Amino acid sequence: MSNLGMAIVRQYERGVVFRLGRLRGVRDPGWRFMIPLADKMRKVSLRTVTMPIQSQQVITKDNVSIGVAAVAYFRRVDPVKSIVEIENVQAAISQIAQTTVRNVVGRSPLDHVLAETETLNEKIKEILDATTERWGVLVELVELKDIELPQSMQRAMAREAEAEREKRGKIIAAEGEALSAGKLAEAADVIGRHPIALQLRNLQVLGEIAIERNSTILFPAQLMDSVRAVNTFLDREIPAARDSLSQIG
């Protein structure tokens, strides 16, 4: 229809008009008229384009080979530049995005790639945005969506994570032992000042054991005290009785 002098430009499009090969301007959405046979219109979509970046092998700064895949979101903001300045803007962005991802990831160690993904995403976006600005394209977002590690590296990281968990467990156990030793020392000081506290504690423990096992326990604490009292009495009275008998005799 553009050859007949008529064209419909949709809401999400802009029409770039060339008259006998020369740029004549940009047409807004709606029904647009042109000079038949002399004017040509190329429509440019302003919608955001989702472009996957294929997985590629990248060697990190610490010499680990990983597979990295990403996705980029961009849109054309200057219809004229996106046509005049470059032949195929989408193919160009795909190629520069792959190169940028490889360069940025390759300059980072593996731990940084895994832990600081958002920082790498922002750095890749800034580089792409600076490059594509002259093409009339705005890069809205870049995301590293898949990082593939070698099997040997996965096993090594699993062993490292297990060792880290064991270390934390041992530290927690040691802290618990230190706390328990401190409390036991405090308890020993209290028992040293109050000997009856030990007997009360023994009674409490025996009571708990009896409840758990549903049994009766006989604790001979009073019997032993009685035996000791009798022995003390005899030790005191027997010499006195001997003295009395000797005096009578």
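Miscellaneous remarks
- Unmet criterion (only one of (1) part of a strand (DSSP E or B); (2) open to solvent by less than 70 Å² (accessible area, probe 1.4 Å)) for residue 52: (2)
- Residue within the range 31-38 that is modelled with pLDDT of 90 or more and either loosely packed, with under 15 Cβ neighbours inside 10 Å or among the hydroxyl-bearing types (Ser, Thr, Tyr) (or both) present: no
Yes or no, residue by residue, for (1) of a type in the set (Val, Ile, Thr); (2) without any contact (Cβ under 8 Å) to a residue 60 or more places away in the chain; (3) farther than 30 Å from residue 14 by Cβ:
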{"position": "31", "(1), (2), (3)": "no, yes, no"}
{"position": "35", "(1), (2), (3)": "yes, yes, no"}
{"position": "44", "(1), (2), (3)": "yes, yes, no"}
{"position": "50", "(1), (2), (3)": "yes, yes, no"}
{"position": "56", "(1), (2), (3)": "no, yes, yes"}
{"position": "61", "(1), (2), (3)": "no, yes, yes"}
{"position": "65", "(1), (2), (3)": "no, no, yes"}
{"position": "69", "(1), (2), (3)": "no, no, yes"}
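- Enumeration of residues in the range 10-29 that are open to solvent by less than 60 Å² (accessible area, probe 1.4 Å), within 48 Å of the chain's Cα centre (by Cα) and free of Cβ contacts under 8 Å to residues at least 24 places away in the same chain: 29
- Against the conditions (1) touching a Lys or Arg at 6+ places or on another chain (Cβ under 9 Å); (2) open to solvent by 50 Å² or more (accessible area, probe 1.4 Å); (3) over 30 Å from residue 9 (Cβ atoms), residue 104 satisfies every one except (2).
- So residue 19, is it more than 29 Å from residue 148 (Cα to Cα) and basic (Lys, Arg): yes
- Residue in the range 162-171 that is open to solvent by 70 Å² or more (accessible area, probe 1.4 Å), hydrophobic (A, V, I, L, M, F, W, C) and more than 30 Å from residue 94 (Cα to Cα) present: yes
Each row is one residue, and each column tells you yes or no for (1) open to solvent by 70 Å² or more (accessible area, probe 1.4 Å); (2) outside any loop (DSSP other than H, G, I, E, B).
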site: 8; (1), (2): yes, yes
site: 43; (1), (2): yes, yes
site: 86; (1), (2): no, no
site: 91; (1), (2): no, yes
site: 108; (1), (2): no, no
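- Residue match in the range 58-73 (condition: surrounded by fewer than 19 Cβ atoms within 10 Å (Cβ to Cβ), under 20 Å from residue 135 (Cα atoms) and either touching a strand residue (DSSP E or B) at 6+ places or on another chain (Cβ under 8 Å) or not hydrophobic (A, V, I, L, M, F, W, C) (or both)): yes
- Test: residue 118 is open to solvent by 80 Å² or more (accessible area, probe 1.4 Å) and more than 29 Å from residue 14 (Cβ to Cβ): yes
The values are calculated or read from the model by the stated rules, or taken from the named source; none is laboratory data. The model shown is predicted, which means the values in this text are computed figures rather than measured ones. Don't worry about glycine lacking a Cβ; one is built from the backbone with ideal geometry, like all the others, and counts go over all protein chains shown. The area values use the complete protein model at the heavy-atom level, side chains included, leaving out ligands, DNA and RNA. Shrake-Rupley method; radii C 1.70, N 1.55, O 1.52, S 1.80 Å.
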